[in-house]
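Okay, so here's the structure we're looking at.
Readers should treat all values here as calculations from the given coordinates under stated rules, not as data from a laboratory. Please read these numbers as outputs of a predicted model, since none were measured by experiment. Positions of Cβ are generated from backbone atoms using ideal geometry, with glycine treated the same way; all protein chains shown enter the neighbour counts.
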Amino acid sequence: MHILLTGGAGYIGTHVMLCCLEAGHSVTVVDDFSNSSPKAIARVEALAGCRVVFHQGDIRDAALLDRVFQESKIDTVLHFAGLKAVNESVENPLSYYDVNVGGTIALAQAMGRAGVFRLVFSSTASVYGEQEKMPLTESSPIDDPTSPYGRSKRMVEQILEDHCASDPRWAIAVLRYFNPAGAHISGQIGEDPRGTPANLIPYATQVAIGQRAALSVFGNDYPTPDGTGVRDYIHVMDLAAGHLMAVDYLRMHMGYRVWNLGTGRGHSVLQIVQELENIIGKPLPTNFAERRSGDIAQCWADPARAERELGWRAQHDLNEMLADHWRWQKLNPKGYDS
Ligand code: NAD
Ligand code: UDP
C-alpha cells in the first residue's frame, strides 16, 4: 500500500513511518517542519534501508495536497500533523483551531477530490477532560475537554463522524492516544521537543542528563494514592503497531470508528521518577510545585475495544518505555541536532 503521513517527521509519525516501511508499504510525508526536522526522516530511511517521498508544506495548502495525491496513488492517510501543546493552545486558540480543525477539513476535502477515502486520525485522551469514572472507555462523555487543544481534537472527531455519515465511501479510524512515551529501541529516533518540554518524561530525561536543574512535580495533593497526577503512559512503538492494525481494519470496514490506545494502567508522577531513577542509577533532583493549571488528577484507558476489534494490546511496560526514552536522550542529548 502507499500511505500518506501528514506530520510524519514528528515524534509519533517517525515511529509509525518506520513500521510502515518495515511492513513493506510505500510512504509519502507532508510536513511543514514547524515542530520537527528533515533529519528525522533521514534517520528513519537509514533504519529502514529505503526512501520515502517527502513534501515540505502546510496541510492547509490545498494546491500542495492536490499535487501530492496526483503524484502518488495513495491508499490511506495517517493524519498526525497538528499543534499539540496544551498551554500554547490556551494562549493562542485561533492557531489551534486553524491548524487542527481547518487543516483536517482541508485534508479531507483534498482526499475527496483525489478519491482517497481511508483516514486514520490522531486524537487524544484530552477529549475526555476531567472524569470521575475510570477507566475511560470510548463511550465516556467527551463534553468537556479542559483546553482549546482538547476541544480542537473533539471538534475534528465530530466533523469526521458527520462527514463519514454523509458519504458511505469513507472509512475513518480515530485513535485516542493516552500518554505517548519511549523511543525506538535503536535510540536513533525519538521525541525532540523544541524549547522547554511540556511533558513529564522528556522533561525528566533532560534533568537526568543534566540539561535542566530539577523536575518540578506539579501538585502533590491530588486525590490519588500518592497525591501526584496519574496517567496511562503508552510506548510509542505500541502506538505505531496500533496504526498498522487500524490501516488493516479500514481495508475491510467502512464507516467511523474510535479506539482508545492506552495500556489500561495508570502511573503517578512519583512512580515515574522512581522508575527512572532505577534506570539511570542515581537520584533525580525534584521539587514539589503548585498544580499546573488545566491539569486533571488522573486518567487511564480501558483498551478492551482495541483488543477486541483490532487485536491490539500494549506490549511494552513502563520500564522498557523509560529505558528506551533514556537511551534516545543519552545518544542524542540535543535531539536531531546532536
Ligand atoms: P509532533 O509535533 O512531534 O508532530 C506533529 C508534526 O506535524 C510535526 O512534524 C510538525 O512539524 C507537523 N505540523 C504541524 N503543523 C503542520 C501543518 N500545518 N502542516 C504540516 N505539518 C504540520 O507531535 P506528535 O507528538 O508526533 O503528535 C502527532 C499527533 O498526535 C498530533 O496530532 C497530536 O495532537 C497527537 N497526539 C500527541 C500526543 C503526544 O503526547 N505526543 C498525545 C495525543 C495525541
Ligand atoms: N508533570 C509534572 N512536571 C512536569 C510535567 C508534567 O509534574 O514538568 C505532571 C503533570 O502534572 C501530569 C503528569 O506529569 O500529572 C503528565 O503530564 P504530561 O504533560 O506529560 O501529560 P498530560 O498532562 O498532557 O497528560
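Which trypsin sites (Lys or Arg not before Pro) from region 124-227 combine a DSSP loop assignment with at most 11 other Cβ atoms within 10 Å? Mind dumping the intermediate values first?
Working: sites: 133, 151, 153, 154, 169, 176, 194, 212; in loops: 133, 169, 194, 212.
Taking region 124-227 and a limit of 11 other Cβ atoms within 10 Å, the loop trypsin sites (Lys or Arg not before Pro) found are 133, 169, 194.
So, counting K/R as plus one and D/E as minus one, what does the shell of residues with Cβ under 10 Å around residue 336 add up to?
Details: positive: 39, 43, 334; negative: 192, 337.
Value of the local net charge: +1.
Counting other Cβ atoms within 10 Å of each Cβ, which trypsin sites (Lys or Arg not before Pro) in region 7-86 have at most 14 and sit in a DSSP loop? Intermediate results must be reported in sequence, preceding the final value.
Values: sites: 39, 43, 51, 60, 67, 73, 84; in loops: 51, 60, 73, 84.
Here the trypsin sites (Lys or Arg not before Pro) that fit, given the DSSP loop and packing criteria, are 51, 73.
List every residue whose amide H lies under 5 Å from the amide H of residue 286, counting only residues 5 or more places away in sequence or on a different chain, with H placed 1.01 Å from N in the peptide plane.
Under 5 Å from the amide H of residue 286: 215.
In degrees from 0 to 90, rounded to the nearest 10, what is the angle of the helix 103-114 Cα long axis to the longest principal axis of the chain?
On a 0 to 90 degree scale, this one is about 30.
If you restrict to DSSP beta bridges whose two residues both lie in the chain, what percentage is antiparallel, to the nearest 5? Before the final figure, lay out each step's value.
Working: 2 of 41 bridges.
Around 5 percent of the beta bridges assigned by DSSP in the chain are antiparallel ones.
Between 0 and 90 degrees, rounded to the nearest ten: what's the tilt of helix 38-48 against the longest Cα principal axis of the chain?
80 degrees
Tell me whether region 168-239 comes out rounded, prolate or oblate; compute the Cα gyration tensor, take square roots of the eigenvalues as a ≥ b ≥ c, and use a/c under 1.5 as the rounded threshold. Display every interim value, and only then the final one.
Working: a/c = 2.53, a/b = 1.36, b/c = 1.86.
Note, shape of region 168-239 comes out oblate.
Can you return the aspartates and glutamates within cross-link range of residue 153? Criterion is Cα-Cα under 14 Å, with same-chain partners fewer than 8 residues away left out.
98, 143, 144, 161
Which lysines have a Cα lying under 21 Å from the Cα of residue 330, excluding residues fewer than 8 positions away in the same chain?
Straight-line reach from residue 330, under 21 Å: 39, 282.
Given a Förster distance of 30 angstrom, what is the FRET efficiency for residue 185 paired with residue 284, based on the Cβ-Cβ distance and rounded to 0.05?
Numbers: r = 23 Å, r/R0 = 0.76.
Calculated transfer efficiency: 0.85.
Apply 1/(1 + (r/R0)^6) to the Cβ-Cβ distance of residue 212 and residue 309, taking R0 = 35 Å, and write down the FRET efficiency to the nearest 0.05. Could the numbers behind the result be given before it?
Working: r = 41 Å, r/R0 = 1.18.
The value I calculate is 0.25.
Compute the FRET efficiency between residue 338 and residue 167 as 1/(1 + (r/R0)^6), taking r as their Cβ-Cβ distance and R0 = 41 Å, and round to the nearest 0.05.
0.35
Label point 7 Å out from residue 130 along Cα-to-Cβ: which residues of region 147-185 have amide N under 19 Å?
It comes to 147-152, nothing else.
Taking the chain as the reference, fit the longest principal axis to its C-alpha atoms, fit the long axis of helix 62-71 to the helix C-alpha atoms, and give the angle between the two in degrees, 0 to 90, nearest 10.
70 degrees
So which residue, out of 58, 324, 226, gets the largest mean-square fluctuation from a GNM of the chain using Cα contacts under 10 Å as springs?
So, out of 58, 324, 226, the one fluctuating most is 226.
From the helices alone, meaning DSSP H stretches of at least four residues, give me the mean residue ellipticity at 222 nm for the chain, per-run term -39500 (n - 2.57), in deg cm²/dmol to the nearest 500. Could the numbers behind the result be given before it?
Working: 12 runs with 133 residues, N = 338.
Computed ellipticity for the chain at 222 nm equals -12000 deg cm²/dmol.
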